[in-house]
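Heads up, the thing below is written out as structure tokens.
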Ligand code: ADP
Ligand code: MG
């Protein structure tokens with residue numbers, strides 16, 4: 001088996017609703033299920049990854065905002081989850097302010113990278129769920145990451161905005177993080193009944209070639225139900241197709257090396 005040296009994976013695409021959070025939550029849970037020690041960092045002020053893993057955001061006294069803005073140590077915000085081996089650094093709506101507050105900070109793009117340095121040794125994988133924008137929260141995530149996973153929804157306009165994302169990645173590589181590389185592109189919400197899904201899939205493969213994961217995530221109702229129960233799919237419906245494909249993705253991620 002190939003060992004991945006870079007272990008910090010950002011899940012990014014500035015489009016909303018492409019399954020960034022669904023992938024962050026379920027990939028993290030499936031990696032933990034096979035014995036990996038995993039930290040999920042929720043960098044989206046909407047905090048969907050946090051609630052998707054059952055974190056009661058109202059009861060939190062601190063979150064990733066305090067790490068980025070108040071220099072709180074990373075370990076002070078990390079909480080464990082129902083899945084053995086999976087921890088989360090949660091976010092709350094307070095994080096929305098960070099996008100503006102960071103602007104005036106020195107080394108504003110390096111806050112997350114610096115914060116993760118103190119705990120990176122404790123985990124096999126750190127997965128970062130990015131917000132749907134290319135602002136400072138995403139820049140912090142791309143600067144902290146070794147690898148990038150880009151989910152693409154198999155819908156019309158799927159490729160729109162990808163040029164912008166690729167430009168941002170190039171700028172980050174040039175100025176902030178020369179080590180950043182693309183781990184893979186993940187086709188999500190694939191619908192076997194439509195030609196459109198196949199067409200999008202073909203186009204994405206033309207553009208990204210062998211960077212596209214062999215695992216394709218189909219539309220699966222259980223995957224969309226699980227977050228409202230605060231559970232990853234492997235707890236909510238462990239035998240569902242959704243659980244099966246995210247287990248397969250986790251296998252591909254552990255096998256894909258550099
Ligand atoms: P993002 O984080 O990119 O905004 P989400 O992961 O929140 O996207 O997904 C957007 C919506 O689509 C959510 O309601 C989610 O439950 C649903 N969803 C994601 N993946 C699937 C899937 N494979 N099948 C069905 N629904 C999905
Ligand atoms: Mg999200």
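Here is how the numbers come out for the structure above:
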read-out	value
Any hit, segment 244-253, residues being within 16 Å of ligand 1 (Cβ to nearest atom) and touching a strand residue (DSSP E or B) at 6+ places or on another chain (Cβ under 6 Å)	no
Single condition residue 25 does not satisfy, out of (1) crowded, with 22+ Cβ neighbours inside 10 Å; (2) in contact with a strand residue (DSSP E or B) (Cβ under 6 Å, 6 or more places away or on another chain)	(2)
Residue in segment 85-95 that is within 14 Å of ligand 1 (Cβ to nearest atom) and either within 16 Å of residue 129 (Cβ to Cβ) or buried (at least 21 other Cβ atoms within 10 Å of the Cβ) (or both) present	yes
Members of segment 108-140 found to be within 16 Å of ligand 1 (Cβ to nearest atom), over 16 Å from residue 25 (Cα atoms) and surrounded by 19 or more Cβ atoms within 10 Å (Cβ to Cβ), listed by number	134, 137, 138
In segment 71-82, the residues that are surrounded by 17 or more Cβ atoms within 10 Å (Cβ to Cβ) and over 17 Å from the mean Cα position of the chain (by Cα)	74, 77
Residue in segment 56-65 that is within 16 Å of ligand 2 (Cβ to nearest atom), farther than 22 Å from residue 143 by Cα and without any contact (Cβ under 8 Å) to a residue 60 or more places away in the chain present	yes
Counted residues, segment 183-215 - those being closer than 16 Å to residue 23 by Cα, free of Cβ contacts under 8 Å to residues at least 60 places away in the same chain and either part of a strand (DSSP E or B) or within 13 Å of ligand 1 (Cβ to nearest atom) (or both)	5
Among (1) more than 16 Å from ligand 2 (Cβ to nearest atom); (2) modelled with pLDDT of 95 or more; (3) closer than 23 Å to residue 217 by Cα; (4) buried (at least 18 other Cβ atoms within 10 Å of the Cβ) - the single one residue 68 does not satisfy	(3)
Of all residues in segment 220-238 being surrounded by fewer than 18 Cβ atoms within 10 Å (Cβ to Cβ) and assigned to a loop (DSSP other than H, G, I, E, B), the one that is farthest from ligand 2 (Cβ to nearest atom)	238
Per-region count, segment 90-139, residues within 16 Å of the chain's Cα centre (by Cα), assigned to a helix (DSSP H, G or I) and within 16 Å of ligand 2 (Cβ to nearest atom)	2
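The values are calculated or read from the model by the stated rules, or taken from the named source; none is laboratory data. This structure is a prediction, so every number in the text was calculated from the model and none was measured. In this analysis, Cβ positions are derived from the backbone assuming ideal geometry, glycine residues included, and neighbour counts consider all displayed protein chains.
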